[in-house]
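**Q** This structure is in structure tokens; I'll ask about it shortly.
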Amino acid sequence: MPRKPKTIPGPSRLSVILARLTQEPRPHLPNLKSLHLTYAYRNDHFGARHFVKEDLPRIRYANPTLDIRVDKKLKTKEEAWKPEMVVELKNGTTHKLDIDGKWSSTIFHDLMDLSAGSWWQKWKKERAAAGEPVTPLPPSQKAKTGAAAVLP
């Protein structure tokens, strides 16, 4: 029989993931029909890649019926193409969002401004009045210790 640990275990991995998926503001997008994102497989388009990693799971969790397509394409050094996000609304209009050189949080704000509706504008006003950021900061990295703390 295994020994009982002498320390209190922290939150489980699943509870941390669920807390991230359900954090405020929940990206409920009632006006959005589909989302198509194209970016480089590696070495470029960092904001789009971080958006897919940090914000797209939250969008999928809040909008399970939303059609989301992500294309990661190989890009060589000689090629010069920009990442793109094509947003189709339920009324049939299509918008291309310029996401080149933007941070993932800026991409998220642009998408929410376009398709979230009036609740998003209300949320932004409430947060500004309280002096808080509109969206919470991304989870921080663990602090480096030892030799790793001084190396670049």
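The values are calculated or read from the model by the stated rules, or taken from the named source; none is laboratory data. Only a predicted model underlies this, so the values are computations on that prediction, with no experimental measurement involved. Because the Cβ atoms are built from the backbone with ideal geometry, glycine has one as well, and the counts that use them run over all protein chains shown. Just the protein is used for accessible areas: all its heavy atoms, side chains included, with ligands, DNA and RNA removed. Shrake-Rupley method; radii C 1.70, N 1.55, O 1.52, S 1.80 Å.
**Q** Quick one: which residue in GLU88, GLU84 is touching a Lys or Arg at 6+ places or on another chain (Cβ under 7 Å), buried (at least 17 other Cβ atoms within 10 Å of the Cβ) and of a type outside the set (A, V, I, L, M, F, W, C)?
**A** Values: GLU88 fails: buried (at least 17 other Cβ atoms within 10 Å of the Cβ).
The match here is GLU84.
**Q** For SER104, state whether it is at pLDDT below 90, under 21 Å from ASN31 (Cβ atoms) and under 16 Å from the mean Cα position of the chain (by Cα).
**A** Details: at pLDDT below 90: yes; under 21 Å from ASN31 (Cβ atoms): no; under 16 Å from the mean Cα position of the chain (by Cα): yes.
Taking the combined requirement at face value, the residue does not satisfy it.
**Q** Within segment 54-99, can you find the residues that are without any contact (Cβ under 8 Å) to a residue 24 or more places away in the chain and part of a helix (DSSP H, G or I)?
**A** LEU56, ARG60
**Q** Taking LEU111, is it closer than 16 Å to VAL134 by Cα, at pLDDT 90 or above and either out of contact with any helix residue (DSSP H, G or I) (no Cβ under 8 Å at 6 or more places or on another chain) or open to solvent by less than 80 Å² (accessible area, probe 1.4 Å) (or both)? Give the derivation first.
**A** Working: closer than 16 Å to VAL134 by Cα: yes; at pLDDT 90 or above: yes; either out of contact with any helix residue (DSSP H, G or I) (no Cβ under 8 Å at 6 or more places or on another chain) or open to solvent by less than 80 Å² (accessible area, probe 1.4 Å) (or both): yes.
It is true that LEU111 is closer than 16 Å to VAL134 by Cα, at pLDDT 90 or above and either out of contact with any helix residue (DSSP H, G or I) (no Cβ under 8 Å at 6 or more places or on another chain) or open to solvent by less than 80 Å² (accessible area, probe 1.4 Å) (or both).
**Q** Let me ask something else about it. Could you tell me whether any residue of segment 55-70 is at pLDDT below 90 and either within 16 Å of LEU111 (Cα to Cα) or basic (Lys, Arg) (or both)?
**A** Checked segment 55-70: no residue is at pLDDT below 90 and either within 16 Å of LEU111 (Cα to Cα) or basic (Lys, Arg) (or both).
**Q** Filtering segment 11-33 down to residues that are open to solvent by 60 Å² or more (accessible area, probe 1.4 Å), assigned to a loop (DSSP other than H, G, I, E, B) and free of Cβ contacts under 8 Å to residues at least 60 places away in the same chain, which residue is nearest to VAL87 (Cα to Cα)?
**A** ARG26
**Q** If TRP103 satisfies all but one of (1) in contact with a strand residue (DSSP E or B) (Cβ under 6 Å, 6 or more places away or on another chain); (2) open to solvent by 70 Å² or more (accessible area, probe 1.4 Å), what's the number of the condition it fails?
**A** Of (1) in contact with a strand residue (DSSP E or B) (Cβ under 6 Å, 6 or more places away or on another chain); (2) open to solvent by 70 Å² or more (accessible area, probe 1.4 Å), only one is false for TRP103: (1).
**Q** Return the residues of segment 1-41 that are closer than 16 Å to ASP55 by Cβ and either in contact with a His (Cβ under 8 Å, 6 or more places away or on another chain) or hydroxyl-bearing (Ser, Thr, Tyr) (or both); say none if nothing qualifies.
**A** Selection gives THR22, TYR39.
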